[in-house]
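Contents: one structure, followed by commentary.
Only the coordinates and a few stated rules stand behind these numbers; no lab work does. Only a predicted model underlies this, so the values are computations on that prediction, with no experimental measurement involved. As a convention, Cβ positions derive from the backbone with ideal geometry for all residues, glycine included, and neighbour counts pool all protein chains shown.
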Amino acid sequence: MSLRDIKRKITSVEKTQQITRAMKMVAAAKLRRAQEAIESARPYAEQMNQMLGGIAAQAGDASHPLLETREERKKLEVVVVTSDRGLAGAFNSAVLKHAEAMVASREGDFDQVSLTCVGRKAVEFFEKRRPTQVGRSLQGIAAVNYSTAEEIATAIGQRYADGECDEVVVIFNEFVSIMTQVVVEKQLLPFASPEGDEGEAPLPYEVEPSAEAVLATLVPKALTTEIFRVLLENQAGEHAARMTAMESATQNSSEVIESLTLKYNRARQASITAELIEIITGAQAL
């Protein structure tokens, strides 16, 4: 490799390093907002589940289709949540590998297994490997909003109520810290609300006009809230994973630049030495 080639490669790596450093800064700025959003959504989702569990426990004969557990589960729907973009290390591949293994292991227990892919990476992965099982795809969720979660929850709830699926499971990355995102597999439907204990004290509030009417509004709301939390977890985890990956890439590029610079200096020194030897040899010949 000539000196010009080494110099050109150093310049190329330096430009790449500028890009990775900028992407790290952008991801860090987005992570702060995403982390604040998920930390605010978690208590709300927990209180929603507790309220739903209290009302359902004292509702008597009143119920809701999304709370009904079917004895024979023949149709499984798996919701796989990933990001739209890459450059986030193993963030998406961890979810996709878990989902693929989970579907493969449970196919024998169900007559039908369908996939709902949320995020471009999930869509591309399963449309290549399981195109006949992909029932619904949703991309362009870089900016998470409540209306998107409501759209997903409404579609899933309607399919469950119509008997198109008997169990719904969601697989996503849960945000733990900047360095840690954990793949979580959670049952969405039938909605697993906390059950009240027998002999539990009455609710500290009155349910009007009736428990059935409240459940009709509260259960879909709780499902939407849970999906919204899942999307926020995925968003925060994506920014954290990308920030970590770009930091690692920036450090690696620094090591490559240092190695290439050393190689360049050695080659330049060897070239200068060779020229000096030629000059001295020519002078001695004269």
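Numbers for the structure displayed
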read-out	value
Largest-first principal axis extents of the Cα set of the range 1-130 (Å)	82, 38, 17
Nearest 10 degrees, 0 to 90: helix 211-285 Cα axis against the chain principal axis	10
The range 12-24 - phi-based ³J(HN,Hα) in whole Hz, Karplus 6.51/-1.76/1.60, Gly and Pro as x	5, 5, 5, 5, 5, 5, 5, 5, 5, 5, 5, 5, 5
Exposure rule at most 15 other beta-carbon atoms within 10 Å, DSSP loop GluC sites (Glu not before Pro): the chain longest free segment	73-163
Placed amide H near VAL79: partners under 5 Å, 5+ positions off or other chain	THR116, VAL169, VAL170, ILE171
Isotropic mean projected area of the C-alpha convex hull, the chain (nm²)	20.8
Relative contact order of the chain, pairs being alpha-carbon contacts under 8 Å that are 6 or more residues apart, as %	33
Net lengthening on full extension, ALA285/ARG85 (0.36 nm per residue, minus Cα-Cα)	65.4 nm
20 Å cut-off, amide nitrogen to a point 7 angstrom out along GLN187 Cα→Cβ, residues in the range 122-160	153, 156-160
Mean ellipticity per residue at 222 nm, deg cm²/dmol - from DSSP H runs of n ≥ 4 across the chain, formula -39500 (n - 2.57)	-22000 deg cm²/dmol
Long-range HN-HN contacts of GLN139 with modeled amide H, under 5 Å	GLY119
Within-14-Å neighbourhood charge of ARG21 [Cβ basis; K, R +1; D, E -1]	+1
Amide H within-cut-off set for GLU174, under 5 Å, with H built and near neighbours excluded	VAL182, VAL183, VAL184
Part-to-part distance (alpha-carbon centres) for the range 143-168 and the range 229-253, which is given in Å	27
Radius 10 Å from Cβ of GLU100, net charge of other residues (Lys, Arg +1; Asp, Glu -1)	+3
Nonlocal Lys pairs with alpha-carbon distance under 21 Å, the range 21-144 (8 or more apart, or different chains)	4
Between the range 13-46 and the range 64-110, the alpha-carbon center distance in angstrom	26
Packing-based exposure ordering (other Cβ within 10 Å, fewest first) of LEU31, LEU286, LEU67	LEU286, LEU67, LEU31
The range 17-163: relative contact order as a whole-number percent, Cα under 8 Å and 6+ apart	21
Order of SER254, SER114 under a 10 Å beta carbon neighbour criterion, fewest first	SER254, SER114
Packing-based exposure ordering (other Cβ within 10 Å, fewest first) of ASP111, ASP166	ASP111, ASP166
